[in-house]
Amino acid sequence: IAAKAKAVAQKFNDTFFNGDTASDANAFDGMDKLCAEGQTLSMGTNGAVLTLDKMDEVIDKVKPGKPAVIFMSKRSRRKLSSLRRAIGNLLEVDVDQFGQRVLFYDGIPVEVDENIPDDQTVGTSTDCSTIYCAQFGYETGVMGLDNGGVQVERVGALETKDAIRTRIKWYCAVALFRDIAMSKLTGVRV
C-alpha cells in the first residue's frame, strides 16, 4: 500500500508540470499547459543558452511582486549556478523548516524537479528545458485542489487468487486563478 501511495505521489508530481487533458482524460492540465501565452518567454526559435537577463525577465513577468518559487531541472540549475559563479556571485543558500538546504536566486527559492525534462523540442533543437516561476494562493495564484485527500479503499479478496485488493484514490488538480501569477521560459539550453 505504501508503494502504491508513493506511485500516486510521483504521478501527481509529473502531472503537476506535464499534465495534459488532451492526451490523458484522467489527468489535469499542469503548469506547462496552464501558463498563459502572454506569460511565456522563449530563449529563441531553436532555444538558446540560459542568461541571467532572461532569468530576470521571466521573474519580472510574475506580478505583483516576486514569484514564491522557481522550478527548473537539475541541468538548468547547474547552468544558473555556473552563470552566477562566472560573475563572482553564488546562489544564496539557506536551510528550510525541514532542515533541508535550499538555493535562492534573488531571494526566490529554486526548486529542482526531475519531472521537468531536458529533452524538449524547440525548433530544430531537441535538448531544451523549461523554467517556471509561480506565486501560490487561493484566488491569487497557483493552487492545488483536491476532493477529500488520498483515500485508501479495501476492495476485498480476489476470487481467482489468494490475495486482497486495495484501491488508492486521489481526485486532485491544479488551478491558476490569475494568469500573471505564473510565467515560464522555454527553450533553455546549456
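The values are calculated or read from the model by the stated rules, or taken from the named source; none is laboratory data. Fair warning: this is a prediction, and the values are worked out from it, not measured in the lab. Positions of Cβ are generated from backbone atoms using ideal geometry, with glycine treated the same way; all protein chains shown enter the neighbour counts. For accessibility, only protein heavy atoms count, side chains too; no ligands or nucleic acids. Shrake-Rupley method; radii C 1.70, N 1.55, O 1.52, S 1.80 Å.
Applying the set (1) in a loop (DSSP other than H, G, I, E, B); (2) in contact with a helix residue (DSSP H, G or I) (Cβ under 8 Å, 6 or more places away or on another chain); (3) surrounded by fewer than 12 Cβ atoms within 10 Å (Cβ to Cβ) to GLY38 leaves exactly one unmet item: (1).
Kindly indicate whether THR45 is touching a residue at least 60 places away in the same chain (Cβ under 8 Å), surrounded by fewer than 16 Cβ atoms within 10 Å (Cβ to Cβ) and among the polar types (S, T, N, Q). Spelling it out, THR45 is indeed touching a residue at least 60 places away in the same chain (Cβ under 8 Å), surrounded by fewer than 16 Cβ atoms within 10 Å (Cβ to Cβ) and among the polar types (S, T, N, Q).
Looking only at residues in region 165-190 that are outside any loop (DSSP other than H, G, I, E, B) and open to solvent by 60 Å² or more (accessible area, probe 1.4 Å), the one that is nearest to ASN115 (Cα to Cα) is ARG189. The residue pairs whose first member lies in region 59-83 and is under 12 Å from LEU103 (Cβ atoms) and assigned to a helix (DSSP H, G or I), whose second member is at pLDDT below 95 and of a type in the set (Phe, Trp, Tyr), and whose beta carbons are closer than 9 Å, counting only pairs six or more residues apart or on different chains, are LEU80/TYR105. When VAL102, VAL69 are checked against the criterion of being open to solvent by less than 70 Å² (accessible area, probe 1.4 Å), in contact with an Asp or Glu (Cβ under 8 Å, 6 or more places away or on another chain), over 22 Å from PHE177 (Cα atoms) and of a type in the set (Val, Ile, Thr), VAL102 stands alone in meeting it. For the residues ASP162, ASP127, the requirement of being open to solvent by 40 Å² or more (accessible area, probe 1.4 Å), charged (D, E, K, R) and in contact (Cβ under 8 Å) with a residue 40 or more places away in the chain singles out ASP127.
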